[in-house]
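The values are calculated or read from the model by the stated rules, or taken from the named source; none is laboratory data. This one's a predicted model, so the numbers in the text were calculated from it and none came from an experiment. Quick reminder, even Gly has a Cβ in these numbers, built from the backbone with ideal geometry, and neighbours come from all protein chains shown. For accessibility, only protein heavy atoms count, side chains too; no ligands or nucleic acids. Shrake-Rupley method; radii C 1.70, N 1.55, O 1.52, S 1.80 Å.
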There are 2 protein chains.
Amino acid sequence: MDKRLLFVISKIFCSFVENSSVPLEELKKTIRSYAHVSDSDMEFGMKFYKRKTFKKGDFLLKPGQYIEYFYFMKKGCVSYYSMEEGKAQVMEFFTEGSFFTDLYAYIQEIPSESYIEALEDITVYAISKTDVQKVFDHSHQLERFGRLSMQRTFVITFQRINQLRNLSNQERYLELQKKRPELFQRVPQYLIASYLGLTPVGLSKIRKRLSKS
Amino acid sequence: MDKRLLFVISKIFCSFVENSSVPLEELKKTIRSYAHVSDSDMEFGMKFYKRKTFKKGDFLLKPGQYIEYFYFMKKGCVSYYSMEEGKAQVMEFFTEGSFFTDLYAYIQEIPSESYIEALEDITVYAISKTDVQKVFDHSHQLERFGRLSMQRTFVITFQRINQLRNLSNQERYLELQKKRPELFQRVPQYLIASYLGLTPVGLSKIRKRLSKS
DNA sequence: GATTCTCATTAAACCAGTTTAATAAATATA
DNA sequence: TATATTTATTAAACTGGTTTAATGAGAATC
């Protein structure tokens, strides 16, 4: 077999670890924070989740792909970004306890225009889109969880809009420091700048201005 | 009875027209564009909707109020805005066929910080929050409609973020002209400016620049 | 230990907005 | 029809970012 092809295949599959019947406790707990779900419905749902790991620098998603999986972050941090005129535009950082995917492409069933990249070695639980549908068909309560988690996502997205519209860049920087201080430890500053909608130079100026007062 | 009090009361209630068993066909059709709903489930849901009318300039919502109703716009246009440092910040214009409320305050069950104001005489169908819950409890299919309409709202909100982040003000102006040309007929320009996140002066400059090329 | 690479800062020139204030045009009201 | 009010435009001065390019500082690699 062609060595380069083998390399590509290994790149794609190396990160996958097969089904583990193990500790989905956090995931269950997170789901139950949204809606009451009976034990039997919960077990029905859990059996579709598969544990996967990725190495720092691996891509969970690249542009052009249709969205296959919904993820729950067990350990680690990813960036979700698009490329605009050659520059990465970070939409979001997802860390422990988050549900995530390229939700925009997932919902609309269109090819993604974004990247999801592991910023550290990560562990996730993944459920396929078709399995999500099975779970919602099977359980009214889990469908309710789906609705309520979508509401939550809307709230966060809406807050993002309000911040973009009503706060200055400096205020957004301070807000982020207050709300997610851990990000500044684990993510390089130029990605923070991108997330805030500025250039590294712009952020540097803001930091300088702040350090003077 | 004190005349001023009477005036206030009439201001509050004049706009309400009581239950009509009439043409919720558009509403039903819109719901069914999201999910299959049996006739009996649909009838169960429909009986909670009440038709209401408001005059131009009336407020459907003011800051401080908890959200009571979810609306479906039958006829007319409202603006949904907040006040930041004395200036109206228009979040959205809702027109015929839209579901709307202050979704952010509705979901979080917190007092609104926003206004919803009729920009024209309007007719809406309103369902109370408690009735929405009854409907979702009663019907898995209508709960699915709830989930999917929430997804739709997320998509629109997400597009809004992308536009705010990746397009210049001029590009956003042109985009709005292309996507919702009717708005420019029915809404004053300073509200359009606010929606786009600029001052009337800024929008005027953009228009001038465009008219030269 | 020296070299390379990545990331953050600084400087200079630039630009698309802002604010304030005056004016013009359109609309509503007496 | 005249008058008042609201809405849109223009001008001038200002501002907080941008881009480009050079420099500095830390971490990874040879």
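Give me the number: length gained by fully extending B:Gln108 to B:Lys212, i.e. 0.36 nm times residue separation minus the C-alpha to C-alpha distance, one decimal in nm.
Between B:Gln108 and B:Lys212, full extension yields an extra 32.7 nm.
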Placed amide H near B:Met91: partners under 5 Å, 5+ positions off or other chain: B:Tyr80, B:Tyr81, B:Ser82
Reachable lysines, given that their alpha-carbon falls under 22 Å from the alpha-carbon of A:Lys55 and they are not under 8 places away in the same chain: A:Lys3, A:Lys11, A:Lys74, A:Lys75
Separation in nanometres of the label points that stand 7 Å from Cα toward Cβ, at B:Arg186 and A:Gln159: 3.3
Taking the C-alpha atoms of region B:167-213, convex hull volume expressed per residue in Å³: 71
Accessible area per residue, Å², chain B with all protein chains present, probe 1.4 Å: 54
Estimated buried accessible area (total), pair A and B, 1.4 Å, Å² to nearest 100: 3500
Calculated over region A:15-166: convex hull of Cα atoms, volume per residue (Å³): 118
Environment charge at A:Pro63 (Cβ cut-off 13 Å; Lys +1, Arg +1, Asp -1, Glu -1): -3
Rounded FRET efficiency, nearest 0.05, which uses the C-beta distance separating A:Ala88 from A:Asp121 and R0 of 35 Å: 0.95
Cα gyration tensor of the protein assembly as shown - equivalent ellipsoid semi-axes, whole Å, descending: 39, 31, 20
